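Step one of this worksheet: look at the structure below.
Please treat every number below as a calculation from the coordinates, not as lab data. Please read these numbers as outputs of a predicted model, since none were measured by experiment. Note that we place each Cβ from the backbone using ideal geometry, even for glycine, and neighbour counts take in every protein chain shown.
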Amino acid sequence: MAVKLHRCRFEWQKTGPCWRVEKALKDMGIDYELAPGPSRPSKRDEMIEHTGQKLYPAIEFEDGTWYREESKDMENTIRDGKLMERARGAALATSG
């Protein structure tokens, strides 16, 4: 299952929250697609619609559900092998 990483446009910058999550995806061999979004928080309508926040990063699953936490928590979830549990959890939360 491939995921889409919604992150800042500064893909060249190898520090910060967006890179932390992207590196965890790479290190764990998870297929992902980059979806760089607007730099200005006031233009992040899609992020607000799906996560309730203006902050990057966020992960969108193939079923259309989204996952967003603080980047350190997202990194731990990915490295612990529990990312796909978040997809199932998000789907259950929206269907219940």
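Can you find a residue in the range 46-55 that is surrounded by fewer than 19 Cβ atoms within 10 Å (Cβ to Cβ) and in contact (Cβ under 8 Å) with a residue 60 or more places away in the chain? No, the range 46-55 has no match at all. Between a residue in the range 1-20 that is closer than 24 Å to residue 82 by Cα and any residue that is of a type in the set (S, T, N, Q), which pairs come within a Cβ distance under 6 Å, given they are 6 or more apart or on different chains? Matching pairs, first to second residue: 17/71; 20/71. Checking each residue in the range 1-42 for being surrounded by 11 or more Cβ atoms within 10 Å (Cβ to Cβ), acidic (Asp, Glu) and touching a Lys or Arg at 6+ places or on another chain (Cβ under 9 Å) picks out 22, 27. When you scan the range 32-42, do you find a residue that is in contact with a strand residue (DSSP E or B) (Cβ under 6 Å, 6 or more places away or on another chain) and polar (S, T, N, Q), even just one? No, because not a single residue in the range 32-42 is in contact with a strand residue (DSSP E or B) (Cβ under 6 Å, 6 or more places away or on another chain) and polar (S, T, N, Q).
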